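Before any comments, here is the structure.
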Amino acid sequence: MTWCPHAAVAFLVIASSLSAPQARAQGSDSSARPQVRQLSLDEALQSAEAKSPDLAIARAGVTRAEGQREKARSQFLPQIFGSAGYTRTLKSQFQGLSFGNDSGGPPACSSFTVDPNATVNQRLTLLESALGCGAGTNSLGSLQNLGFGAANQWNLGLSLQQNVFTGGRVTAQYRAANAQKRSATIGLTAAKAQLTLDVTQAYYDAQLADRLVTIAAATLSQADTTLAQTKLGRQVGNAAEFDLLRAQVTRDNQVPVLIQRRSDRDIAYVRLKQLLHLPLTDSLALTTSLDDSTVAQPGAVSTLLASAPDTATESRAPVRQAGENVTAQKSAVTVAHAERIPSLSLSSAFGRVAYPSGIFPSWSDFRSNWTVGGSLTLPIFTGGNIHGDEQIATAGLQQARAQLQQTRELAELDALNALNRLRAAEAQMNASRGTAQQAARAYQIATVRYKEGISTQTELNDAQIQLQQAEANRATAARDLQVARMRLALLRDLPLNGSSAQAAQAQTQVTAQAATLAVPLGTQSTSTSTGRTGSAASLPPGVPSQQPGTP
C-alpha cells in the first residue's frame with residue numbers, strides 16, 4: 001500500500017473536527033455542574049453569623065439603645081446653641097419719621113468751641129447760632145442707630161440652657177436608658193446563641209438525612225439481592241411462588257422509602273443553605289462527622305462544648321433581660337413622681353446686632369446684648385395628667401416584676417429539660433451502638449441461612465428490617481446527642497421557647513411519625529427521620545437534588 005501524506009492530513013483534520021464538538025460538550029457539561037462546597041460546622045456558623053438578618057436587627061437594637069442613652073445623658077450637660085440671621089426691611093412703620101437732617105431743615109450742629117481771641121460780639125453771635133441749632137434738632141435723632149426702620153439688620157447670637165434641679169427626672173431617665181442598653185446587649189448575645197443552635201441543628205439534620213438516604217439505599221440493594229436469589233431458587237424449584245411474591249413486595253415497598261428519604265434530604269439541605277444564605281443551586285459536602293467521638297475537632301465548636309455549662313437561673317439571658325426591664329420600669333415610676341416636683345433651670349443669651357447702611361456690616365457696626373435668667377416650673381393643676389402617668393408607670397412595674405418571676409420559673413424548667421435531653425440522648429447513643437452491631441450480625445446469619453435453605457423469607461425480612469431500624473436509630477441518636485450538647489453549652493444565652501427551636505422540635509416529631517409509617521410490611525419501629533418532610537416537587541425552581549449521582 002502506498003502512503004499518501006495528503007490523505008493523512010485530511011484524516012487528521014476530519015478527526016479533530018469530530019472530536020472538537022465532543023470536547024466542547026464535555027467542557028460545557030463540567031461548567032454546568034453545580035458547585036460543590038466543602039463545609040464544616042465551624043465554617044457554617046461563621047457564614048451564618050456574618051449574613052444573618054436576625055443579628056443585624058439585634059445590632060440595630062443595640063445602636064438604638066446606645067443613642068437613647070446618649071440622649072438621656074445630654075440632659076446633665078448645658079445645651080448651647082448658636083444662631084445667625086439677616087433681615088432686609090422692605091417697608092417699615094418708621095419710614096414717616098425723621099431721624100436726622102432732612103432737606104430744608106436747620107443746618108447740622110457742629111461742636112461748640114469758644115475762641116478766646118474773638119471779640120464779645122463774635123462770641124455772642126456764636127452762642128446764638130449754637131442755641132438755634134439745638135432748638136431745630138429732631139427729638140428722635142438719638143434713636144437713629146437703634147434699628148427703627150433700618151433697611152438691613154444682622155443678628156449673631158449664642159444661647160445656653162442648664163438644668164439645675166429636676167426632682168430626679170433626668171437621673172431616672174438616664175438609669176432607664178442604661179437598663180435598655182444592657183437589655184439590648186443581652187438580646188444580641190441571645191440572638192447569636194439562638195442562631196448557633198439553629199445552624200447546628202440544621203447542619204446535623206442534613207447529616208442525618210444523608211445517613212438515612214444511605215441506609216435506605218443499602219436496604220433497597222439488599223432487597224434486590226434477596227429478590228434475585230429468590231428468582232433463581234424459583235427457577236431451580238427450591239423456592240415457592242409465595243416466597244418470590246414476598247421478596248418482590250418487600251423490594252417494591254422499599255422504593256418509596258428511598259424516594260422519601262431523598263426528598264427529606266433535599267429539604268434539609270435547602271433549610272441549611274437558607275440559614276447560611278448560600279445559593280440554593282450549590283451542592284454542599286458536610287465535613288463534620290455526625291458520629292459521636294471523644295476526640296473533639298479544633299475550632300469554636302469544640303471550645304464551646306469543652307466549657308462547663310452554666311445552668312444557674314439568675315445567669316440566664318431571659319432572666320437578666322427581665323431584671324433590666326424591672327430596673328427600667330422603676331425609673332419610669334421615678335420619672336412620673338418627678339412631675340410633681342418643681343424644676344429649676346438657668347438660661348443665658350448673648351447677641352450681637354448690626355444695622356448697616358449697606359448690606360454687609362463691619363465688626364464696629366455690631367452692638368452687644370447679653371441676658372441671664374432663671375426659670376422655676378411648678379405644676380399647679382394638670383387635670384389628672386400626672387396621676388395618670390403614675391398609674392401607668394406603677395402598672396408597668398408590677399407587670400415587669402410578675403414577668404421576672406414567670407421567667408425565672410420557665411428558666412428553671414428549661415434548664416431541667418436541657419439536662420434531661422442530654423441524659424436521654426447519651427443513653428440512646430450507648431444503647432444503639434451495641435444494637436446496630438448485633439442487628440448487622442443477625443442479618444449476616446439470616447442471609448447465610450436463607451441461602452442454605454434452612455430459613456424462610458420471613459426470617460430474612462425481619463432481620464433486614466431490624467438492621468435498618470438499628471442503623472436509623474443510631475444515626476438519630478448521634479444527631480440528638482450533638483444537638484443536646486450544643487443546646488446545653490449555649491443554655492446561658494439561649495432565649496426561652498425560641499420559635500426556631502419549637503418549629504424544629506415539632507418538625508422532628510412529625511417526621512418521626514412519617515418514618516414509622518414508611519417501614520416496609522407494616523412493621524412498627526422507633527426509627528426517626530429529620531429534616532423537612534415533603535416531596536422533591538416542593539423544591540424551588542432550579543434547585544437540584546443534593547449531591548446528584550449519590551444514592
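Quick note: the coordinates plus some simple rules give every number you see, no bench work behind them. Note that the coordinates shown come from a computational prediction; the quantities given were computed from them, not determined experimentally. We place every Cβ from the backbone using ideal geometry, glycine too, and count neighbours over all the protein chains shown.
Based on the Cβ-Cβ distance from Thr456 to Arg433, what FRET efficiency comes out when R0 is 41 Å, to the nearest 0.05?
E between Thr456 and Arg433, to the nearest 0.05, is 0.85.
Could you sort 263-274, 73-84 so that the peptide with the highest average Cβ count within 10 Å comes first and the rest follow in order?
Highest-to-lowest ranking by the protection proxy: 263-274, 73-84.
Between Leu245 and Leu126, how many nm apart are label points set 7 Å from Cα along the C-beta direction?
Each label point lies 7 Å from its Cα, and together they span 15.2 nm.
Rounding to the nearest 20 debye, state how big the charge dipole of region 343-442 is about its Cα centre with +1 on each Lys and Arg Cβ and -1 on each Asp and Glu Cβ.
Dipole magnitude for region 343-442 comes out near 480 debye.
Where in region 313-346 does the label zone of Thr394 land, with the point 7 angstrom along Cα→C-beta and an amide N cut-off under 19 Å?
Flagged as within label range: 326-341.
Arranged from highest to lowest average of other beta-carbon atoms within 10 Å per residue, in what order do the peptides 277-289, 464-476 appear?
464-476, 277-289
Within 10 Å of each residue's Cβ, count the other Cβ atoms and sort Trp370, Trp363 from fewest upward. Show your work: numbers first, answer last.
Details: Trp370 10, Trp363 7.
Lowest to highest Cβ neighbour count: Trp363, Trp370.
What lysines could a cross-link reach from Lys231, if we take a straight Cα to Cα line under 26 Å and drop same-chain neighbours fewer than 8 places away?
Lys451
Quick one: of Lys181/Lys330; Lys192/Lys330; Lys51/Lys181; Lys51/Lys192, which pairs are farther than 20 Å apart, Cα to Cα?
Over 20 Å apart, Cα to Cα: Lys192/Lys330; Lys51/Lys181.
Rounded, prolate or oblate: pick one for region 206-274, where a ≥ b ≥ c are the square roots of the eigenvalues of its C-alpha gyration tensor, a/c under 1.5 means rounded, and failing that, prolate if a/b is larger than b/c, else oblate.
Prolate, because a/c is 1.5 or more and a/b exceeds b/c.
How much length, in nm to one decimal, is gained on full extension between Ala424 and Val255, taken as 0.36 nm per residue of separation minus their Cα-Cα distance?
Details: separation 169, 0.36 × 169 = 60.84 nm, distance 3.24 nm.
Once the chain is fully extended between Ala424 and Val255, it gains 57.6 nm.
In nm, to one decimal, how far is the Ala349 label point from the Trp370 one, both placed 7 Å along Cα→Cβ?
So the two model labels end up 1.7 nm from each other.
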